[in-house]
Amino acid sequence: MAGRLGGRANAWRVRHTGRPAALGALAVAVLSSFTAGPLIAATAPAPAAAVAAWRLWLAAAALAPFGLRAVARSPVLRTWRGRAWTAAAGLALAAHFYLWIGSLRLTAIAPATTLVNAAPLLLLALECAIFGRRPHPGQWAGVAVSLAGMALLGAADWTGDRAAAAGDALALGGAAASAVYLVAGRAVRPAMGAMPYNLCVFTLAAAALSLLASSTGLPLLELPLRIWILLAALAAGPTLLGHALANFSLAQLSPTAVSLAYLLEPVGGSLLGYLWLRQVPTWTEAAGAAVTLAGLAVYLLASPRAAAQPSAP
């Protein structure tokens, strides 16, 4: 009896102390994500595949001294299911970066960063189908309001500019890849650990993007010094602090909550884009940002009421 009570006490302590740490990690991840759009826009005209590949290679190199041993000992990678989910996450991350960076070559920071975060509705559908989750109606309402705000933010690009419209389409494709990436992470990250998981998915994604660049004749090494400095900043900030800490938070938070928190990225990215690159958001984009934040607030307020419902392990 004492052993069972002790085990329950330890489980309660892990659950209730782990969630504040996950929320703190997610807050830092979102703040660091504000720099992603402006940094990527500043790497033009470097090829999207090269920028995405080196961003991830540099991040993986930083993690390798601390994570290689954990990868070799990970029981998750010894199973077919674990390897399949990890590979799916790596390929989805590669697609996410490639499509989103490509979108920033064609459209402005505000609509690109907004539309690439259009994953919440897809995530809810995937969680319901794969994990049997039953979201609270308030969560659905928050997602709907957020998506309405993102539509308003991107409305300026949907008025006839073919290049901007193509950029919007690439950003939405990046959102679909992001949904797969987060769901795959939910399947293996809690059992695998943040460090080995990040190292694996970053390396797989970087290898896939390097293969894509090489097979299409795009330069991987012939980049100016200015681009290499920006790539180092991308690896250190949005990648290591951003995606790595977001992966850490997935042990305690759902993919939908993580994705909805990233809806703040268009606001911060647009502000930095104005201060650094002088990209001035329109009134429509500003209104869309306000609606997006309102949807995020609705979702977060609804989340505690849904906490007692079954969720993925």
Search result, residues across the stretch 18-66 that are among the small types (Gly, Ala, Ser) and part of a loop (DSSP other than H, G, I, E, B): Ala44, Ala46
Only one residue in Ala125, Ala72, Ala118, Ala84 is within 19 Å of the chain's Cα centre (by Cα), surrounded by fewer than 19 Cβ atoms within 10 Å (Cβ to Cβ) and either without any contact (Cβ under 8 Å) to a residue 12 or more places away in the chain or not in a helix (DSSP H, G or I) (or both). Which one? Ala125
Against the condition assigned to a helix (DSSP H, G or I) and surrounded by fewer than 24 Cβ atoms within 10 Å (Cβ to Cβ), how does Gly185 come out, does it pass? no
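Here's the yes/no breakdown for (1) farther than 19 Å from Ser215 by Cα; (2) buried (at least 24 other Cβ atoms within 10 Å of the Cβ); (3) without any contact (Cβ under 8 Å) to a residue 40 or more places away in the chain:
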| site | (1), (2), (3) |
| --- | --- |
| Val30 | yes, no, no |
| Ala36 | yes, yes, no |
| Ala41 | yes, no, no |
| Ala48 | no, yes, no |
| Ala60 | yes, no, no |
| Ala64 | yes, no, no |
Do we find a residue being over 20 Å from Leu122 (Cα atoms) and at pLDDT below 85 anywhere in the stretch 296-304? yes
(1) out of contact with any Gly (no Cβ under 9 Å at 6 or more places or on another chain); (2) under 16 Å from Ala244 (Cβ atoms): which one isn't true of Ala36, the others all being true? (1)
Being in a helix (DSSP H, G or I) and modelled with pLDDT of 85 or more narrows it down to one residue among Leu152, Leu209; which is it? Leu209
When the residues of the stretch 128-150 are filtered to those that are crowded, with 16+ Cβ neighbours inside 10 Å and not hydrophobic (A, V, I, L, M, F, W, C), which remaining residue is nearest to the chain's Cα centre (by Cα)? Ser146
Can you confirm whether Ser249 is surrounded by fewer than 17 Cβ atoms within 10 Å (Cβ to Cβ) and of a type in the set (Gly, Ala, Ser)? no
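Matching residues to (1) modelled with pLDDT of 90 or more; (2) crowded, with 24+ Cβ neighbours inside 10 Å; (3) of a type in the set (Phe, Trp, Tyr):
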site	(1), (2), (3)
Ser178	no, yes, no
Met195	no, no, no
Cys200	yes, yes, no
Leu225	yes, no, no
Leu240	no, no, no
Count, please, the residues in the stretch 205-223 that happen to be surrounded by fewer than 20 Cβ atoms within 10 Å (Cβ to Cβ) and either touching an Asp or Glu at 6+ places or on another chain (Cβ under 9 Å) or of a type in the set (A, V, I, L, M, F, W, C) (or both). 7
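The values are calculated or read from the model by the stated rules, or taken from the named source; none is laboratory data. On a predicted model such as this, the values are computed, not experimentally measured, just so you know. Every residue, glycine as well, gets a Cβ built from its backbone with ideal geometry; the counts of neighbours run over all protein chains shown.
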